[in-house]
1. Using Cα pairs closer than 8 Å and at least 6 residues apart in sequence, work out the relative contact order for segment 381-454, in percent.
2. Between K111 and E272, what is the FRET efficiency for a Förster distance of 45 Å, r being their Cβ-Cβ separation, to the nearest 0.05?
3. Could you give the length gained by full extension between K50 and D211, i.e. 0.36 nm per residue of separation minus their alpha carbon distance, to one decimal place?
4. Pop a pseudo-label 7 angstrom from the Cα along the beta-carbon direction at both K417 and Q137 and give the gap in nm to one decimal.
5. Could you work out the mean projected area of the convex hull around the alpha carbons of segment 47-100, in square nanometres to one decimal?
6. Just grab the label-to-label distance for K75 and E381, each label 7 Å out from Cα along the Cβ direction, in nm (one decimal).
7. Mind checking which lysines have their C-alpha under 17 Å from K108, skipping anything on the same chain fewer than 8 residues away?
8. Can you tell me the length gained on complete extension of the stretch D439 to K360, counting 0.36 nm per residue apart and subtracting the Cα distance?
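Nothing in this text is a laboratory measurement; each read-out follows from the coordinates by a stated rule. A quick note: this is a predicted structure, and the numbers were derived from the prediction, not measured. Cβ sites come from the backbone with ideal geometry, for glycine too, and all protein chains shown count toward neighbours.
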Amino acid sequence: MDKKTEDQIKSQGRRDFFKIGGGLLTGSLATNFLGAQNSVSKDKASDEKKIIRYKKLGRTGFKASDIGMGTTRFKHPNIARFAYDHGINYFDTAEGYHNGEAEKNLGKALKHMDRNKVFITTKVHIDENDSKEKIIQKFNACQKRLDTEYIDALYMHGVNRVDFLDHQGFHAATKKLRQEERLKFIGLSCHGPHNEKQDSMEDVLCAAAEDGRFDLMLLVYNFMNSKAGDRIIKACKENNVGTTAMKTSPGVLNFEPVDPDNLTKSQEKIVERLQNIKGYSRRRAIRSMQSTLEDKSELKKIKKFAKKYELQSELEFYKTSIKWVISNPDLHSACISFNNFEQLNALLPLSGTELSYLEKRSLEEYNSIFNSEYCRHGCQECLSRCSNNVPVNRIMRYAYYFQCQHREKDSMRKYYKLENNAEYCTNCEAPCVEACPYDLNVPVNLLKAHDLLSLT
């Protein structure tokens, strides 16, 4: 860094960056923040903390808040009511979130909103042979849980093949639902391929944008994973398709430091499971977890980065990553999973903001330093090199759910259902390492994910 930049950082001081006290900036930028309960109380919420920027959601014509509300961790209707009262008008849910409970809770919140002023999307998993009638049945269940006369958009959830875009049952069902005025628009979400026979997120969503039948897209997009997203957003803009972002902050599995005397909420849950499942003493359980989660060399890099930018709070860095997403003028809304008032109060002021010079610099440098530590969501480069057909990206996504979204049970359940998991990596020659364009130590990260998600 040149002297001019160093002087700028020093002059900005704590206004833009915060010094770490005895703690560390973690790679899963939002890990502790997402579980925090002491940021800003609901009672102290001010009217100034409201959405101030709205963007036209493609051909739907709806002006959506630049910060939308995802519901993967949503358990209380009042959270959505609070979000609505403070300007959030885009809500994303799915049939599978909390086994339908997210839809039910959002439906309860809808009773206290002006239905014409909010945009509700829900998602259903579509099997290859699902008929028109089967899909309508799934939609009916969603509509009943949401308890609304109509749903603004129905998404095919987690599409990973281009040929799936022409699913006859889905298009026949949605055509009928539109005729009945129970559905307005259709869209799709994509996390990328699970095996080498499937297509990339970029191929699927760009093809969908050009298809003409899809009105909306939900894509992975963050400052460390933007190459494919930028192309998708460009294609959507050219075809007047609405775009919303998920996975808006990168998560790195092995960055969370462990203080044995002051465990985080997610660490405490891991220790409890090790004690219950393996019969470990608390001390042994903590040691086992610590060896799984920590990589001393990476923690040294984090300390150095934090000291350089005088960082104190990972929350502030997390907010910077969100600002990066919503600063893109061609992306319409960032779907953030809110589960408490503190999170809302912390992120609402970001609406309409732009990145400062120092914030841009910190993200660029973080990306450079930790490039080889983040398994990009939606990437498929190493899949064809694995002789055991281990779904690398899928496993790392489950680890992300576990650590960054605190969806421990859900992510462990998903991992358990995999036909081929990371156990195959124990004695493998690791051809995946050569295939990774980001120099990620794939087998090491997969084995750590295995320890985290299986606990057996």
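1. On the way: 87 pairs, mean separation 29.2, N = 74.
The normalised contact order for segment 381-454 reaches 40 percent.
2. Working: r = 37 Å, r/R0 = 0.83.
After rounding, the FRET efficiency stands at 0.75.
3. On the way: separation 161, 0.36 × 161 = 57.96 nm, distance 3.61 nm.
Length difference between fully extended and current span is 54.4 nm.
4. 1.8
5. Details: hull surface 17.2 nm².
It is 4.3 nm².
6. Using points 7 Å along Cα→Cβ, the separation is 3.8 nm.
7. Partners within reach: K75, K117, K144.
8. On the way: separation 79, 0.36 × 79 = 28.44 nm, distance 2.35 nm.
Taking 0.36 nm per residue and subtracting the Cα distance, the gain is 26.1 nm.
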